[in-house]
1. Could you tell me how many degrees, from 0 to 90 and to the nearest 10, lie between the Cα long axis of helix 55-68 and the main elongation axis, the longest principal axis, of the Cα atoms of the chain?
2. Per residue of region 272-287, what does 6.51 cos²θ - 1.76 cosθ + 1.60 with θ = phi - 60° give for ³J(HN,Hα)? Whole Hz please, x for Gly and Pro, Karplus curve as stated.
3. Given a Förster distance of 41 angstrom, what is the FRET efficiency for Leu375 paired with His255, based on the Cβ-Cβ distance and rounded to 0.05?
4. Any chance you could give the angle, 0 to 90 degrees and rounded to 10, that helix 217-228 forms with the longest Cα principal axis of the chain?
5. Rounded to whole Å and sorted largest first, what semi-axes of the equivalent ellipsoid does the C-alpha gyration tensor of the chain yield via the square root of 5 times each eigenvalue?
6. Give the residue from Leu370, Val434, Thr400 lying farthest towards the positive end of the charge dipole for region 350-498; charges sit on Cβ (+1 for Lys and Arg, -1 for Asp and Glu) and the dipole is referred to the Cα centre.
7. Taking amide H atoms as placed 1.01 Å from N in the peptide plane, list the residues 5 or more away in sequence, or in a different chain, whose amide H sits under 5 Å from that of Gly430.
8. In the structure displayed, which of Lys259/Lys290; Lys66/Lys260; Lys267/Lys425 lie more than 20 Å apart, Cα to Cα?
Amino acid sequence: MMQSDNIPVVKLEIVAVSRDCFPIELAQKRRTAIVNACKEINLPVYEAQTTIQNERDMLKANEEVKAAGCNALVIFLGNFGPETPETELAQKFDGPCMYAAAAEGDGDLVNGRGDAYCGMLNCSYNLAMRHINAYIPEYPVGTAKEIAGMMAEFVPVARAIIGVKNLKIITFGPRPQDFFACNAPIKGLYELGVEVEENSELDLLVSYKEHKGDKRIPSVCEDMKQEMGEGKYYPDMLERMAQFELTLLDWKDAHRGSKKYVAFADKCWPAFPSQFGFEPCYVNSRLVSKGIPVACEVDIYGALSEYIGTCASNDSVTLLDINNSVPASMYEADHIQDKGYDLTDTFMGFHCGNTPSCRMCSDRAVKYQLIQHRLLEPSGSDPDFTRGTLEGDIAASPITFYRLQCDSEGVLRSYIAEGEILPVKAHSFGGIGVFAIPEMGRFYRHVLIEKHFPHHGAVAFMHAGKTMYSIFRYLGIKDISTNQPKSLPYPTENPFVR
């Protein structure tokens, strides 16, 4: 799990509601049982003492939540519940809300029956009338133990919602020529509550030069040495890269403005390496490992996607090109078919060297960027300023491949697919891994291509599809695509293809 001041800490509170024609003690007793069940799974939760029966109770409960310093709320229907105040509370509360209802079974079905199953329907109707987004579990009715489990699943969703609402994305430079696929209207960011600060590469260069001789540089260099190990870095480049890391960290603190959290989207070529004297990839990877995503090629929605994944997984993520197919010879030689995947289920995820070192195999090392070396340095020369990428195979792991993107018409849409990185050597360059996602070939054609998603995809190193789907739903994303099984065709899939 990640420890970072760039990720929200969720402080959860539970408030019980009670319809005045039902015993209030029923809601209170059930609320306390949930709090006790939360303790058994080590889930901290503040128990509000106000039980809401009317609008005045709702105002009192809202003040109690504020006084407790909570930023996420569970509104619990211990019985049928009063639909007006229980939904007004979500309107007034400045944070993500979850609704759940009590199952019967802890009393008789006369005085001990709460009818919360019925009340949840009225609650959902009232939420819709007020245009309130809320987290409602897949089956939102349960015992104390079951609802405690639902609350635990709500925490990463709440963390991402709080994070996005308080996020600023800081960019340096325009998107590179011929990478317009990463260009998207920023209107969607403002709709989500994200702030954007766009700067030039010159602004960054000026700040970088001002950090020359910074007294903190030696300690950062030492940390880089410890992270990589002897023989895995360029000693003559450490000082420059440490200077750049401090430049970004100081910019984050000085420019967050009204927001609490920051992600970067930086232009990393073609001018950057020749002017700064190195490639920024390794430094980017270090910031990502600290919970501060840095997206390549000024990919603003890539940075947003990375940040959402960081909050959802509470761990490091990466941003990769959905890059190249796996050769049939490798598929056969490494017996990938034995793992149950077709060749078209596989692909290679690649980028120059931005993946955190903790997610890479032991062969990882700071090296030079081959493509930029071809492009920017004299033919046949040794690499100079194109050094600074973190290269090696990405370690085997379960993954969630996903992205939130604004399309050319200004509509927010997303995709999510779970799979894995295979324990197979890529035999290539850059930070790269062999990925497998069930039915990837069809997903590639009928989601990624059909819906015009760009070449960058964010990667969380766990199966987080359920959480990501709930986050996107809460954010109001209407179009959420997932990889479909063979039995379920896509709307655009040619029915005559066998």
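Bear in mind that the values in this text are calculations on the coordinates, not laboratory data. Quantities reported herein were computed from a predicted structural model and do not represent experimental measurements. Note that each Cβ is placed from the backbone with ideal geometry, even for glycine, and that neighbours are counted across all protein chains shown.
1. Helix 55-68 and the main axis of the chain meet at about 40 degrees.
2. 3, x, 5, 8, 8, x, 5, 8, x, 4, 4, 4, 4, 5, 5, 5
3. Working: r = 31 Å, r/R0 = 0.75.
Given R0 = 41 Å and the Cβ-Cβ separation, E is 0.85.
4. Long axis of 217-228 versus the principal axis of the chain: about 90 degrees.
5. Values: eigenvalues 402, 144, 79 Å².
Semi-axes from the Cα gyration tensor: 45, 27, 20 Å.
6. Thr400
7. Under 5 Å from the amide H of Gly430 lie the amide H atoms of Gly392, each far enough along the sequence or on another chain.
8. Values: Lys259/Lys290 18 Å; Lys66/Lys260 18 Å; Lys267/Lys425 30 Å.
In this structure, Lys267/Lys425 exceed 20 Å between Cα atoms.
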